[in-house]
1. How do 99-106, 68-75, 17-24, 82-89 rank on mean C-beta neighbours within 10 Å, highest first?
2. What do you get for the angle between helix 10-54 and the principal long axis of the chain? Use alpha-carbon atoms, 0 to 90 degrees, nearest ten.
3. Once you place label points 7 Å from the Cα toward the Cβ at residue 100 and residue 33, how far apart are they in nm?
4. Relative contact order for the chain: what percent, with Cα pairs under 8 Å and sequence separation of 6 or more?
5. Tell me the mean residue ellipticity at 222 nm calculated for the chain from its helices only (DSSP H runs of n ≥ 4, each -39500 (n - 2.57), averaged over every residue, nearest 500).
6. In nm, to one decimal, how far is the modelled label at residue 80 from the one at residue 108, with both set 7 Å along Cα→Cβ?
7. For 39, 95, which order do you get if you count the other beta carbons within 10 Å of each Cβ and list the fewest first?
8. Under 10 Å, Cα contacts only: if you run a Gaussian network model on the chain, which one of 45, 11, 65 comes out with the highest mean-square fluctuation?
Amino acid sequence: MRCRRGETGQATVELVALLPLVLLLLAALWQLALAGQAISLAGSAARAAARARALGGDPARAARAVLPRTLEHGLRVEHASDGAVRVALAVPAVIGGGRVATVGARARFEPQLP
């Protein structure tokens with residue numbers, strides 16, 4: 001099949017036009033994956049912090065030990081009056097730095113007396 005005169009390079013032009021859209025879609029998917037990881041790790045950090053508090057340890061240190069360095073920056077560990085521990089993490093932005101949202105989790109273990 002022969003191209004008509006004036007249509008050569010049409011596929012290249014279409015690819016160049018769609019490339020920013022494809023890159024934006026990939027960045028959005030990566031951001032969703034990062035947010036999912038932060039949600040999962042917030043639960044793990046909350047359980048580790050609650051376990052440490054139940055055993056008389058440092059909840060913030062235990063929560064930090066579970067997290068990768070990229071998520072440690074926005075970590076907040078709060079103690080509730082009922083013995084629970086709430087962990088909040090900042091979800092870092094894929095593009096431009098900063099944070100997109102904050103996710104959190106709560107866990108509680110009964111104090112373990114010796």
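Values in this text are rule-based calculations from the coordinates and carry no lab data. Note that the coordinates shown come from a computational prediction; the quantities given were computed from them, not determined experimentally. All Cβ positions, glycine included, derive from the backbone under ideal geometry; neighbour counts span all protein chains shown.
1. Per-residue Cβ counts within 10 Å, averaged per peptide and sorted highest first, yield 82-89, 99-106, 68-75, 17-24.
2. For 10-54 against the chain, the angle is about 10 degrees.
3. Spacing of the two 7 Å Cα→Cβ label points: 1.2 nm.
4. The value is 25 percent.
5. On the way: 3 runs with 57 residues, N = 114.
One gets -17000 deg cm²/dmol as the mean residue ellipticity at 222 nm.
6. 0.5
7. On the way: 39 15, 95 12.
Going from sparsest to densest Cβ surroundings: 95, 39.
8. Highest fluctuation of the listed residues: 11.
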